[in-house]
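Please read the structure below before turning to the comments.
The values are calculated or read from the model by the stated rules, or taken from the named source; none is laboratory data. The structure displayed is predicted, hence computed values, not measured ones. Here the Cβ positions follow ideal geometry from the backbone for every residue, glycine too, while neighbour counts run over all protein chains shown. Keep in mind that these areas ignore ligands, DNA and RNA; they rest on the heavy atoms of the full protein, side chains included. Shrake-Rupley method; radii C 1.70, N 1.55, O 1.52, S 1.80 Å.
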Amino acid sequence: MKARYHDAAPATRATVSDIARAANVSTATVDRVLNRRSGVRDITIQQVLKAAAQLDYLPEKDIYEALSPSPMRIAFLLPKGTNRFINMLGDTINYSQESWAPFNVKSRVEYIEGFNPQLLAARLIKQAERADGVAFMAIEHPLVRDAVNFLVEKGVHVVTLITDISNSGRAAYIGLDNRAAGRTAAYLIARFIGPRAAKVAMIAGSLSYRAHEEREMGFLYLFKEYFPAIDVVGLREGLDNAQENYRITRHLLEQSPDLAGIYNIGGASDGVAQALKEAGVAHKVVFIGHGLTPDTRALLIDGSMDAVITQNPQSATMSCIRIFANLRDHRGVMSGVESIQSQIIFRENLP
């Protein structure tokens with residue numbers, strides 16, 4: 001009985017060598033492309049993937065994924081603590097991931113102990129291996145400045161958020177014009193007090209934040225220029241801590257029983273309001289603060305606060321994402337990015 005032969009030999013799967021011959025490249029280049037390693041030109045990548053598809057080496061889904069660029073890795077570094085606006089900003093980043101999908105980015109939030117330049121600088125340096133872009137609240141300090149420049153040298157894009165840093169290689173700053181914000185607070189307090197001599201005070205989170213320093217300068221200079229009868233009795237740093245702000249406010253009221261106004265440059269306005277309420281002057285002392293959050297909203301409603309200067313956290317984070325996409329795609333840094341506008345919120349125009 002004669003042996004029976006198959007009409008055709010079974011098809012064999014293409015090899016890396018087959019793809020290399022078809023694409024006219026080396027097997028090492030094919031290996032780099034298929035494993036998505038760097039160092040291969042875009043046109044070569046397309047040639048290799050086209051050859052792999054024609055030889056049925058990869059299914060269509062894998063070809064599509066291989067052609068799609070990896071998401072840009074974005075890290076937001078924010079100070080942890082009781083500043084509710086900062087916490088709200090972090091929440092905004094976390095729930096905005098889906099809406100940022102068209103920009104092909106993957107974002108994460110890291111919280112760092114606030115007001116600590118050594119810790120912030122160390123965490124920034126670590127991002128050289130973890131991120132393609134970093135947005136963070138800067139502290140004005142040489143260590144932080146060096147860390148920013150280190151990232152830029154490593155090809156990591158850096159954007160400062162809410163508060164800027166001087167003389168660094170950061171690509172952009174997203175936040176308020178803080179000197180204008182301080183001047184606005186001073187103008188509001190002066191108009192609320194009226195044309196009389198009075199004492200007002202400031203409470204900052206920390207003057208290591210350039211934003212808080214600039215708000216202080218704007219606040220002081222507006223009184224000097226237009227309302228010289230108003231005396232600013234001093235500046236205290238509350239570190240955005242409600243208990244510390246409460247203690248500072250009680251001390252200010254003991255020192256100056258006739259205190260007419262308080263400007264809280266940073267967060268934790270609830271500590272200031274508690275002290276004003278306990279002293280029975282919550283509706284007598286003009287109180288201006290920053291950041292519209294659930295607690296400052298409640299203080300506006302009950303009249304403890306007179307106005308809140310704020311910015312939109314969604315707009316701020318979206319602007320960061322657009323900037324990173326522009327940098328990646330070699331467009332103008334601020335292309336399509338709207339400047340951050342300050343909003344003045346009173347009880348009667350609460351959104």
Among Y111, L176, V148 the positive-end extreme of the charge dipole of the range 86-236 (Cβ point charges): L176
Kindly sort R215, R108 by accessible area of their heavy atoms, largest first, with the probe set to 1.4 Å. R108, R215
What whole number of Å gives the distance from the Cα centroid of the range 272-348 to the Cα centroid of the range 147-182? 19
State the answer as a single residue: which of T29, I203, F346 lies farthest towards the positive end of the charge dipole of the chain, with beta carbon charges of +1 for Lys and Arg and -1 for Asp and Glu, about the Cα centre. T29
Round to the nearest 10 and give me the degree value, 0 to 90, for the angle of helix 313-328's Cα axis relative to the longest principal axis of the chain. 40
What are the residues whose amide H is under 5 Å from the amide H of F287, where those residues sit 5 or more places off or on another chain and H is modelled from the backbone? I262, D306, A307
Compute the angle between helix 269-278 and the longest alpha-carbon principal axis of the chain, please, reported from 0 to 90 degrees and rounded to the nearest 10. 20
Ranked highest first by average number of other Cβ atoms within 10 Å, how do 152-158, 184-190 line up? 184-190, 152-158
Estimated distance in nm for a label pair at T27 and I43, the labels positioned 7 Å out from Cα along Cα-to-Cβ: 2.7
By accessible area with a 1.4 Å probe, ligands and nucleic acids excluded, highest first: order of R250, R84, R196, R13: R13, R196, R84, R250
Rounded to the nearest 10 Å², the accessible area of L239 using a 1.4 Å probe with every protein chain kept is 90
Using the Cα centre as the reference, give the magnitude of the dipole from point charges on the C-beta atoms of the chain (Lys, Arg: +1; Asp, Glu: -1; all else neutral), rounded to the nearest 20 debye. 820
Within the chain, helix-based [θ] at 222 nm, where runs of 4 or more DSSP H residues each add -39,500 (n - 2.57), nearest 500: -13500 deg cm²/dmol
Expressed as a whole percentage, what fraction of the accessible surface of the chain belongs to carbon and sulfur atoms when a 1.4 Å probe is rolled over the protein heavy atoms? 50
Total charge of the residues flanking T293 in space, meaning their Cβ is under 14 Å from its Cβ, with Lys and Arg +1 and Asp and Glu -1, is -2
Kindly flag which residue pairs out of K80/K284; K50/K126; K224/K284 have an alpha-carbon separation exceeding 28 Å in this structure. K80/K284; K50/K126
Add +1 for every Lys or Arg and -1 for every Asp or Glu among the other residues with Cβ under 13 Å from the Cβ of E113, and state the total. 0
For the chain, the per residue accessible area (1.4 Å probe, Å²) is 52
Assuming R0 = 22 Å, what is the FRET efficiency of R130 and S315, from their Cβ-Cβ distance, to the nearest 0.05? 0.25
Explain nothing, just compute: Karplus ³J(HN,Hα) = 6.51 cos²θ - 1.76 cosθ + 1.60, θ = phi - 60°, for every residue of the range 222-239 in order, whole Hz, x for Gly and Pro. 5, 4, 4, 6, 10, 9, x, 6, 8, 9, 8, 7, x, 10, 10, 10, x, 6
Suppose R0 equals 45 Å; then what is the FRET efficiency for E338 and A14 from their Cβ-Cβ distance, rounded to the nearest 0.05? 0.35
On a 0 to 90 degree scale, rounded to 10, what angle separates helix 142-153 from the longest Cα axis of the chain? 30
Report the one residue of V232, I301, A128 whose Cα lies farthest in the direction of the positive end of the charge dipole of the chain (charges on C-beta: Lys and Arg +1, Asp and Glu -1; origin at the Cα centre). A128
